[in-house]
Amino acid sequence: MTPNLHLWLIPVLPLVGTAVNGLFGKKFSRQTVAAVALLFSGAAFAMALFVASRFSSLTTPHIEFLATWIRAGKFQADFAFYLDQLSLVMLLVVTGVGFLIHIYSVGYMWEEGGFYRFFAYLNLFMFFMLTLVLASNYLLMFIGWEGVGLASYLLIGFWFTKDSAAAAGKKAFIVNRIGDFGFLIALFLLIKHFGSLNFDQVFQSVIPMGAETGGAGLLTAVGLLLMVGAAGKSAQIPLYVWLPDAMEGPTPVSALIHAATMVTAGVYMVARSHVIFDRAPAALTVVAITGTLTALFAATIGVAQTDIKKVLAYSTISQLGYMFMACGVAAYSAGIFHLMTHAFFKGLLFLAAGSVIHALSGEQDMRLMGGLRTKIPWTFWTMTIATFAIAGIPPFAGFFSKDEILWRAYQASWVYWFIGLFTAFLTSFYMFRLWFMTFFGEYRGATEDAPAHLALDIHSDTRAGAPAPHGHGGIHESPPLMVIPLVVLAVLSFTGGWIGVPGSLGGSNRFDKFIGPVFHSTVTALGAEGHGVATAEREAEGPEAQAGHGTELIFTGISVFAGLLGFGLAWLLYYRNPQLPQQIAAGLGGLYQAVVHKYYIDELYAALFVKPLIAGSALILWHGIDQDVIDAALDNSAHGAREVSDSVRHMQSGNLRSYAGWVAAGAAVVIAYMVWIGTR
């Protein structure tokens, strides 16, 4: 008999924390609010570990039915939770990393107003994210999908009195709704053609269908629409613009939502829907191209940012592009592997950046940092591990997952591989640039005795354009509540990739063997050009079976060299010869300005969409409907009421004899009417 694991408890526990802090937190002390938030998020993580310990005894997929939700004719949607290898990985990432960020947040947000509100929102986010990854059907997934969008809006705009934060929250909410529209249309198509949104029923209906290699069909349309939704949630071209602005939220929000969990929802949805994408090679190619271009595009912008959180924001967009590239070449397990390792090192990078900001009393401009490695050593060493991990330097976690993506990309098309390799070089360069500017050289920020001054670097236009300096007080290491999560994530960033060591390096890729059954259960169709998809047998054997280990080692060496080259260039420009960057900036001219201004995409969107929409709304809704219809109708009604009231007012003369006459006349009319009725 299949054991009941009570999966429903995992998302419900954070929801209880939300309810307790949301309803009563204003009356609680900060210690009580923190205890409630940590208790319920920690309990969810403990339950996830319990489920993981029992997983080997389950028949997968394991489905736990709770109740029938919607029944309309033959269509039925249930409240039910779905557990397999993919959802288990996501479950552990969301609860584990989420719990560490909760701990960190207690120290980071301790002095902030709205302390109870922040943790209510944070627990709410965990509830919706866990609902998303455990859902057994697309409709319940969509509830979690929309819920994390709501929680993201609340957390990004947490400092709602700050105009930029409020605007960033609205931008994230609106841009995500554009993607969600595509997701909804895909669900309507699934209901129309398959009569269900349950994963098992939809996938069983799709499996007998052939690959749509001759042109666009139903599955291609569904796949493309699902990708629109994924592009919105996971910040891919052209819907990526909300994520950099989302850095206006508190740093723990950036770590939890925009690095480790929410933005990976799109990758999870594509991987979960692999049965559909496998039979829609055109849609799968769109996924690969979108991810590849996003990875490169965001990386080029990342080299030009001076705000430490903005560098990490564009890095997140770029790394998500890697994950979509992997899914687009049907290397789903490689994409999820990178999703997991990315949660470790990018979560650590954001939290370490928050520790730097905390040490400098709010400063985020890297041009006003420097020389911090001796002043905040715990932050320095943990961030160093994360930087080497994201740069793909062995034996750190990011090396194994990124190397597998590049190898699988090469097997699909050398174009994907080359762009991915160049992106890896850029990633290493801008991350070590951040590392050198933040921790090495002399401190360039303001002190009590001296004003701030800027080191010359490639991204400093003029001193006049720099943020106004302000005093930081003494530079200080973060408290233990913030340091402990950094250390745990640093260990994971160092060792987390070891479960995916490929055969070419003497391993057996245990991660692929664990998660592989989710993606190997159906035969994958080959695309028209053969790129983008591999057969089930090919994936089951592993990529090593398709080429000699020697060839794979050569490509591994090339990717490591790209990472080391990025490190060397950053060392040359930002440590060895800090005067060179400004000279290079002057030589690049307009190209440099375009990169600094993020290719003017925000300005372009504002000109094409935002301003015309606002102008049209003002013309049609304000002048057309509000003033000409509503206001006019109310004004006319008011005028008519005044006319009637004026006429009635004149009847009130104040003359008692007049009132008595009217009463007598009325009585006579009533008596006459009664007599007339009686004679009939």
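Pairs from the table (74/233; 233/346; 171/233; 27/346; 346/598; 170/309) lying more than 24 angstrom apart at Cα are 74/233; 27/346. With a cut-off of 15 Å on the backbone N, the residues of the stretch 270-296 near the modelled label site 7 Å out from residue 189 along Cα-Cβ are 270, 273-287.
Segment residue 510..residue 205, full-extension length gain: 106.7 nm, with 0.36 nm per residue of separation and the alpha-carbon distance subtracted.
Pairwise over distinct Cα atoms, reciprocal of the mean inverse distance: report the Kirkwood radius of the stretch 241-291 in Å, one decimal place.
Mean inverse Cα-Cα distance, inverted, gives 12.6 Å.
Legend: calculated FRET efficiency, residue 665 to residue 617, from the Cβ-Cβ distance at R0 = 41 Å, rounded to 0.05, equals 0.10.
Ranked by accessible surface with a 1.4 Å probe, highest first, in what order do 477, 64 come?
477, 64
Between the amide H of residue 237 and those of 294, distances stay under 5 Å, these residues lying 5 or more places away or on another chain, with hydrogens modeled in the peptide plane.
At a Förster distance of 35 Å, what's the computed FRET efficiency of residue 112 paired with residue 577, Cβ-Cβ distance as r, to 0.05? Calculated transfer efficiency: 0.30. Measuring spread by the Cα atoms of the stretch 279-418 yields a radius of gyration and Dmax of 16.4, 55 Å.
Solvent-accessible surface (1.4 Å probe) assigned to residue 670 amounts to roughly 80 Å². Computed over Cα pairs, the Kirkwood radius of the stretch 109-154 leads via Stokes-Einstein (0.692 mPa s, 37 °C) to a diffusion coefficient of 297 µm² per second. Estimated at the nearest 10 Å², the accessible area of residue 603 is 100 Å² with a 1.4 Å probe.
The values are calculated or read from the model by the stated rules, or taken from the named source; none is laboratory data. In this text the structure is predicted, and so the values were computed from the model without any measurement. Virtual Cβ from ideal backbone geometry, glycine too; neighbours counted across all protein chains shown. Ligands, DNA and RNA are stripped out before the accessible areas are found, and what is left, the full protein with its side chains, is counted by its heavy atoms. Shrake-Rupley method; radii C 1.70, N 1.55, O 1.52, S 1.80 Å.
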